[in-house]
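Below is one structure, written out as structure tokens; the observations come after it.
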Amino acid sequence: MTVLATSSASSYSGIILILVMIVAMYFLMIRPQRKQQQKHRDTLSQLKKGDHVVTIGRLHGVVDEINNEAKTVTLDCDGIFLVFDLNAIGSVSQRAASSEVAAAPAEAETKEAKPAEDAAATDDAASTETDAKPADSDDAADQDADK
């Protein structure tokens, strides 16, 4: 009886070991790959005209047109327009919206700085005029004294 009990326990341990290896393989290989594929799909779905991209062949270009029906993208590579499969996009190096958003605050700061500069210039001009008037009166007084 003990021989049968030992052999059935070892067969269960073998099955458990195989199941543990399958679960480990899922968490170490399959799950990270699915996450990476989902991230790539999200990147492609957010792709728009003006984005700077790098293809899987390491060709750098700017998105000119996206055809979702045919799943193609047209890239402008220094004036040469090339059509690629949408899955050929490896990564997005610069988003078009980020450059527009970054430019908008810079313009706002420039507009705010201009009124401050104009006010400072007006104050400088006013102080120069007031400084000039007493200097003129002192010169006039010196000229009267010389006569």
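Rule-based calculations on the coordinates, nothing more; no lab input. All figures in this text were calculated on a predicted structure; none of them were measured in a lab. Glycine gets a Cβ as well: all are built from the backbone with ideal geometry, and neighbour counts include every protein chain shown.
For LEU82, put the label point 7 Å out on the Cα→Cβ axis and report which residues of the stretch 38-75 keep their amide N under 11 Å from it. Residues 54-62, 75 qualify, since their backbone N sits under 11 Å from the label point.
The Cβ shell under 9 Å around LYS49 holds other residues with a net charge of -2, Lys and Arg each +1, Asp and Glu each -1. Using the Cβ-Cβ distance between ASN67 and GLN36 with R0 set to 22 Å, the FRET efficiency from 1/(1 + (r/R0)^6) comes to roughly 0.35.
Annotation: peptides 87-96, 36-45, 20-29, ranked by per-residue average of other Cβ atoms within 10 Å with the highest first, follow the order 87-96, 36-45, 20-29.
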